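The structure appears below as structure tokens.
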There are 2 protein chains.
Amino acid sequence: MAELSDNICVRKAQKTDLAAILRLLADDRLGRHREDTSGSPHADYLTAFDAVSRDPNQYLAVFEQGDEIIGCLQITFIPGLSRRGALRGQIEGVRVAANFRGKGYGTKMLRWAIEICREQGCKLVQLTSDKTRQDAQRFYKDLGFVQSHEGFKLEI
Amino acid sequence: MAELSDNICVRKAQKTDLAAILRLLADDRLGRHREDTSGSPHADYLTAFDAVSRDPNQYLAVFEQGDEIIGCLQITFIPGLSRRGALRGQIEGVRVAANFRGKGYGTKMLRWAIEICREQGCKLVQLTSDKTRQDAQRFYKDLGFVQSHEGFKLEI
């Protein structure tokens with residue numbers, strides 16, 4: 001567990017955090033159509049949580065203030081040959097709880113994630129953002145990210 | 001080793017393929033400024049190759065016709081909670097050898113990669129493409145990918 005400013009702590013997610021993380025993922029304009037948060041976590045989420053926990057190249061982080069989980073994000077460390085064998089840190093599933101938005105917490109979360117990538121030896125941090133999330137895009141550019149790529153998805 | 005059509009075989013890359021893969025990565029408008037292919041492979045590439053080989057969630061594939069490596073790509077399987085715990089297949093480092101371009105080999109390579117993602121249980125295949133690679137973007141759209149996201153990179 002590490003402490004960020006404003007009494008925010010960050011740590012790896014535990015299985016007991018699953019319901020809170022799913023509420024964060026679903027409390028989102030796009031996420032609410034994608035997630036199933038009726039009742040206790042669906043078995044698919046438990047399977048996925050176990051797969052994330054077993055994989056040393058995944059870091060699913062939860063951010064807490066007191067007993068409340070106020071945000072989450074996932075970092076994936078991707079080894080590869082491109083760019084002189086650069087390790088990449090990829091960030092997915094960034095969410096801040098509704099009543100904590102617009103207060104700079106997201107910036108602190110991302111700065112922490114970038115620092116973790118640096119500590120792991122990454123040369124590059126990458127992420128994609130839905131084209132309709134224009135606020136998010138400004139946010140990432142303010143953090144120094146370059147909007148250099150088109151992001152493609154194929155549901156199968 | 002699997003056989004695609006046109007006598008193309010695909011298999012996991014071995015360390016002895018490294019020099020050929022690096023030539024493919026460097027034989028590219030953007031890649032030529034990023035890679036070091038002078039002399040034998042730099043130690044950074046060997047370290048990266050080992051990291052890729054050790055990680056069961058990486059599949060670095062080489063495509064061969066006879067004894068010649070004519071293409072490569074890397075698939076990363078990413079477990080996560082979003083989209084009902086969907087496993088994602090991410091494709092990076094797609095290259096076709098210069099004298100094999102424009103002949104439909106890339107399409108066959110990508111279709112093979114999508115099928116591998118399906119077999120692994122992925123619900124989503126994703127990739128990014130530099131905004132200046134307009135031919136590549138048409139290629140991915142023709143394969144059914146949706147250009148729904150902005151891709152951000154931060155060098156650290």
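Readers should treat all values here as calculations from the given coordinates under stated rules, not as data from a laboratory. This structure is a prediction, so every number in the text was calculated from the model and none was measured. Ideal geometry is used to build each Cβ from the backbone, glycine not excepted, and the neighbour counts take in all protein chains shown.
For the reader, a short list of remarks on this structure follows.
- Separation of the range A:10-59 from the range B:32-82 is 30 Å, based on Cα centroids.
- Label 7 Å beyond Cα on the Cβ vector: A:Asn99 copy-to-copy distances, nm: 6.8
- Inter-copy label distances at B:Lys15, shortest first and taken from points set 7 Å along Cα to Cβ: 3.8 nm.
- Diffusion of the range A:2-142 by Stokes-Einstein, at 25 °C in a medium of 0.890 mPa s and with Rh set to the Kirkwood radius over alpha-carbon pairs, works out to 154 µm²/s.
- Label point of A:Arg138 set 7 angstrom out along Cα-Cβ; within the range A:5-44, amide nitrogens under 19 Å from it belong to A:29-30.
- Dipole magnitude of chain A, debye to nearest 20 (Cβ charges: Lys/Arg +1, Asp/Glu -1, about Cα centre): 620 debye
- For chain A, the Cys residues with no second cysteine's beta carbon closer than 4.7 Å are A:Cys9, A:Cys72.
- Taking max minus min of the alpha-carbon positions on each principal axis, the protein assembly as shown gives extents of 61, 37, 34 Å, largest first.
- When the C-alpha to C-alpha distance is required to be over 30 Å, the pairs from A:Lys153/B:Lys103; A:Lys131/B:Lys15; A:Lys15/B:Lys108; A:Lys15/B:Lys131; A:Lys15/A:Lys103 that qualify are A:Lys131/B:Lys15; A:Lys15/B:Lys108; A:Lys15/B:Lys131.
- Gaussian network model of chain A, Cα within-10 Å springs - most flexible of A:Val146, A:Val62, A:Val96: A:Val146
- Cβ nearest the rotation axis (A onto B), residue from chain A and distance to the nearest whole Å: A:Gly151, 2
- J(HN,Hα) series, the range B:144-156, from Karplus relation 6.51 cos²θ - 1.76 cosθ + 1.60, nearest Hz, glycine and proline x: x, 5, 9, 8, 9, 10, 9, x, 10, 10, 9, 7, 10
- Residue with peak Gaussian network fluctuation, chain A [Cα springs, cutoff 10 Å], from A:Gln134, A:Gln14, A:Gln120: A:Gln134
- Across B:Ala48, B:Ala113, B:Ala97, mean-square fluctuation computed from a Gaussian network of chain B (C-alpha pairs under 10 Å connected) peaks at B:Ala48.
- Distances in nm from A:Lys123 to the matching label points in the other copies, shortest first (labels 7 Å along Cα to Cβ): 3.5
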